[in-house]
Amino acid sequence: MIFYLTYNDSYSGIYSSQVIDVVKFLNTTLQQNVKLVAFVSLRNFFDQKTKIKSDFPDAVVLPMFPGVKRWRKNIFLLRLLCKFKRPTTIIGRSVLATQLAVMIKNSGTIRNVVYDGRGAITAEWKEYGVINDPDMLREISELETEAVLLSDVRIAVSNKLVEYWRSEFNYTGDEHVVIPCTLNKVFTEVVISNEAVARSREKLGLMPDDVVFVYSGSVAGWQSFDLLYTFIAPMLRNGSNRILFLADKDKNIEKLSKEFPGKVICKKVSAKEVLQYLLAGDYGLLIREKSVTNKVASPVKFAEYLSCGLQVIISDELGDYSEFVAKNSCGSVHSGFVTAVKIGLDKKLENQKLAYKNFTKETFVEEYRRITNC
C-alpha cells in the first residue's frame with residue numbers, strides 16, 4: 001500500500017484534479033493500492049471531510065493538531081494509521097507532509113518517501129505571505145532542503161523547479177521525475193465545435209464577432225492583477241474586445257467594469273463548469289510578475305486553456321511554459337499590447353490536441369510508474 005499524504009490543503013478544484021484525480025489514476029490505470037490521507041484544519045474539519053469524501057469516498061480525512069507550527073505532533077496519528085494500514089511508501093504533497101513521511105521512515109515503518117514538489121515553497125511563503133508565523137518562516141528553508149534531499153524520489157512540476165533545487169539545495173542526483181499539473185478528467189472530454197462555441201457565447205451574451213480574453217482563477221495578490229491591468233486596459237479600448245473573468249467578484253474587477261462598461265463579464269462557476277465557459281474564449285491570460293514562485297510554477301490553467309482551444313498569452317519566465325508557447329505557436333509571450341483576432345476552429349482543435357499530447361496523466365504513465373515502484 002502507498003499513502004498519498006496531504007497536510008493543511010483545502011478542498012478545491014486544484015485539489016480535485018491534482019490530488020484526487022491522481023490517486024484515482026494510480027489506482028485504476030497503474031492498478032496500485034494508493035490511499036489518500038488528508039490532514040485538514042480543525043476549524044473547518046467536517047466541511048472539508050464532507051467535500052473530500054464526496055469526491056473520493058475511500059479517503060482517510062484526519063484532523064490536524066492545532067497550529068501549523070505544531071505540525072510534528074501529527075506524527076502520532078499518522079504513526080497509528082501506518083500501524084494498521086502498513087504502507088510501504090508515502091508520497092508527501094508539500095514540505096510538511098514529506099517531513100512527516102521522513103519521520104515515519106526513520107522509525108523503520110516504511111521503506112520509501114516521495115516528495116511531491118509543487119513549487120519553491122520557501123520563496124512562495126516569503127514572497128506572498130502564505131504563512132505569517134515567524135517561527136515557521138525561519139524554519140521552512142531548512143525543512144524544504146531536507147524534504148528535497150532526504151526523499152528517495154522526487155516529483156517536480158517543472159524542469160525549472162529541478163534547476164532551483166540544484167542551485168538552492170545542492171541537489172545533485174537524478175532520482176526525480178517531472179510531471180506538470182495535468183488535466184482533470186473532465187478537461188480530457190471537451191468537445192470543441194462551432195456549435196459548442198456559439199452556445200457558450202450565447203450564455204454570456206457575447207456577439208459572434210467579439211474577441212474574448214479569459215482570465216480563470218483567483219485575482220488575489222500573487223496572481224499579479226496590477227500587471228494584468230496594464231495588458232487589459234489598452235486591449236479593452238478596441239471595440240470588439242471583451243474580457244471574461246471566471247472568478248469571484250472583487251474591487252479590482254468592479255473598477256475595471258466601471259472603466260469599461262459592457263466589456264467586462266465576471267462569472268463565478270464551479271470547477272466542473274469552467275470548461276463550458278472557456279469555450280467562449282479566444283485567448284487565455286497567464287500574466288504574472290517575475291518571482292521565484294512563478295519562475296518554477298506549473299499553472300494548471302495553462303493546460304485547461306489549451307484543452308478548450310484557447311491561445312495562451314503568458315508572461316516571460318513562467319515555469320517551462322513561456323518557452324512551450326514560443327516553441328509550439330499556441331499563443332504569445334506577453335510584452336505589451338497585442339493585436340488580437342478571433343481564433344478559428346482549426347486552431348482551437350490544434351491547441352486541444354497539443355494539450356492532450358502534453359498534459360494528460362496518461363502522458364506520464366512511466367513517470368508515475370517510477371514513483372510507485374521505487
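Every number here is computed from the coordinates shown, using simple stated rules; none is lab data. Because the structure is predicted, anything quoted here is derived from the model rather than measured. Neighbour counts are summed over all protein chains in view; Cβ atoms, including those assigned to glycine, are modelled from backbone coordinates with ideal geometry.
A few points about this structure:
- Pairs, first of a type in the set (Val, Ile, Thr) in the stretch 55-75, second surrounded by fewer than 17 Cβ atoms within 10 Å (Cβ to Cβ) and assigned to a loop (DSSP other than H, G, I, E, B), C-beta under 8 Å, six or more apart: VAL68/ASN8; VAL68/ASP133
- Yes/no for ILE104 being over 26 Å from LYS290 (Cβ atoms), in a helix (DSSP H, G or I) and β-branched (Val, Ile, Thr): yes
- Filtered residues of the stretch 187-228 (kept if part of a loop (DSSP other than H, G, I, E, B), closer than 28 Å to GLN18 by Cα and of a type outside the set (D, E, K, R)): VAL190, VAL191, ILE192, SER193, GLY217, SER218, VAL219, ALA220, SER224
- ASP174 vs. criteria of a type outside the set (Gly, Ala, Ser), in contact (Cβ under 8 Å) with a residue 12 or more places away in the chain, more than 20 Å from VAL312 (Cβ to Cβ) and not in a helix (DSSP H, G or I): no
- Some residue of the stretch 349-367 being surrounded by fewer than 20 Cβ atoms within 10 Å (Cβ to Cβ), in contact (Cβ under 8 Å) with a residue 60 or more places away in the chain, farther than 28 Å from ALA196 by Cα and over 21 Å from the mean Cα position of the chain (by Cα): no
Rundown of residues vs (1) over 24 Å from the mean Cα position of the chain (by Cα); (2) without any contact (Cβ under 8 Å) to a residue 12 or more places away in the chain, yes/no style:
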{"site": "VAL211", "(1), (2)": "yes, no"}
{"site": "TYR215", "(1), (2)": "no, no"}
{"site": "LEU227", "(1), (2)": "no, no"}
{"site": "ILE232", "(1), (2)": "no, no"}
{"site": "MET235", "(1), (2)": "yes, no"}
{"site": "GLY239", "(1), (2)": "yes, yes"}
{"site": "ARG242", "(1), (2)": "yes, no"}
{"site": "PHE245", "(1), (2)": "no, no"}
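- Which listed residue, of GLU146, GLU189, GLU168, is surrounded by fewer than 19 Cβ atoms within 10 Å (Cβ to Cβ), of a type in the set (Asp, Glu) and without any contact (Cβ under 8 Å) to a residue 24 or more places away in the chain: GLU189
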